[in-house]
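The values are calculated or read from the model by the stated rules, or taken from the named source; none is laboratory data. Bear in mind that the values here come from a model prediction, so they are computed numbers and not experimental data. A quick note on method: Cβ atoms are made from the backbone with ideal geometry, for glycine too, and the neighbour counts reach across all protein chains shown.
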Amino acid sequence: MSKIAIVSDSSTILNSIQAKLVLLRADDSIIKCDSSEVFKNAAGADIILYHTSQINDITLTTISNIKKSSNAVILLVDEINPKSILSAYDLGVNDFCGTNVTNFELLIKIINAKKALKQQKTIERLKSQLRDKGVLKPTADVYTQISDIINANFYSEIINSTILAISIEEVSHSTFLLDNAESRFSQVLRDSDFIINYAEFKYLIILPNTPLENAPKVFEKLKGNYEMKYVTFTYKEESPKELRSKIERLEIQCDDYPEEQENDWLSDELTDDEPRNYKLFQNIFNKKIENTIEPAFYRTKQKYEKSFQNTKIKYFTDKNRAEFMLINFDKTNSLQIIYKNSAKVGINMQYSGLEAPENETFEVPFSKLNTRSLTEILETFIHKGEN
């Protein structure tokens, strides 16, 4: 059984699209509503047929919020504008069609949306199962996980162990999860080895009594047919600060957009006479949000929220900006990362109750915006606000 919501501010469109859904199964249900009721119905619908006369910023923001309910969206448009359609796809729209779509064509699009939704739910279910079994722990701090292992009387096994850091490439994400990561790893690793998932699709494999030169052999066995990258190091008796620095360097090396790939065209030396691929800039910024900005925001929030008794830490991101906020009664300090339609982002630090010179604004090239640099910026922002 599927629940389908048709959203339009035109009663004519609502009725005509409903009339074209005659080929659905008898147990499928249909909801009709206007745009003011879309969020009320989005959470309960599996598939949303969203009609808009024009794809603008309001439409894109609505689509982005709808997708947070983990459902499929098919866009119904009066006129097809390729640029606007691509922007909608970037936000996760499954498909699109004109309002004059035929019954059969609409049915095929709904069937394909159902298949995509089923696969997505399967992936989420497997991820939940893996987290329950302790393999996937994206919400836990990597240093806490290592501490838990050490405190469980395995300290002597961890010291001088080889650690293999693995990053799963995006092209293999769905296949990797559907093939069951836990089973894949357990067939290769020994009972004495430890798995730590320190970020989404990024793992630390602790290999006690394993020479550093043998780590690539373990990696090749784990890799199979998946696209992965890896780096290795030996775990010594280090302070938490030293370990944190080492793992942050691993994150940078395993980043989906390493600096050596960006520097060729994202350099500071790009002139106004050279062609600029704004679509590519936007895609890179979106990846930076997913792989760099949100993880740095999350980890910083986890680090400080318990020590700030009267301060709430909040953050949010959208396609053009990200904001990290410290909220204390009537005072709000804010760090904003703003996409500038180029190969740079603007950083604004604004402090309530401070004079204008205390605030700060500067720019950072994409090639310099990595986990380590952003974490340092966040630390500066937080400590400056405390003074």
Original post:
Would you call Phe362 closer than 22 Å to Asp90 by Cβ and either out of contact with any Leu (no Cβ under 7 Å at 6 or more places or on another chain) or in contact (Cβ under 8 Å) with a residue 12 or more places away in the chain (or both)?
Top reply: no
**OP:** May I ask you to say which residue of Ile63, Ile31, Ile55 is assigned to a strand (DSSP E or B) and out of contact with any Cys (no Cβ under 6 Å at 6 or more places or on another chain)?
**Re:** Ile31
Original post:
Within the range 73-113, how many residues are under 18 Å from Gln18 (Cβ atoms) and not acidic (Asp, Glu)?
Top reply: 20
**OP:** Would you tally the residues in the range 66-93 being of a type outside the set (A, V, I, L, M), free of Cβ contacts under 8 Å to residues at least 40 places away in the same chain and assigned to a loop (DSSP other than H, G, I, E, B)?
**Re:** 6
Original post:
Here are some residues: Lys303, Lys279. Which one is surrounded by 15 or more Cβ atoms within 10 Å (Cβ to Cβ) and either modelled with pLDDT of 80 or more or not assigned by TED's automatic domain parsing to the domain that holds Leu86 (or both)?
Top reply: Lys303
Original post:
Is at least one residue of the range 217-232 among the hydrophobic types (A, V, I, L, M, F, W, C), at pLDDT 80 or above and farther than 25 Å from Thr371 by Cα?
Top reply: yes
Original post:
Are there any pairs, at least 6 apart or on different chains, whose C-beta atoms fall under 8 Å, with the first in the range 106-118 and of a type in the set (A, V, I, L, M) and the second at pLDDT below 90 and exposed (fewer than 14 other Cβ atoms within 10 Å of the Cβ), and if so, which?
Top reply: Leu107/Leu23
**OP:** Can you confirm whether the range 328-349 contains a residue that is at pLDDT 85 or above and not in a strand (DSSP E or B)?
**Re:** no
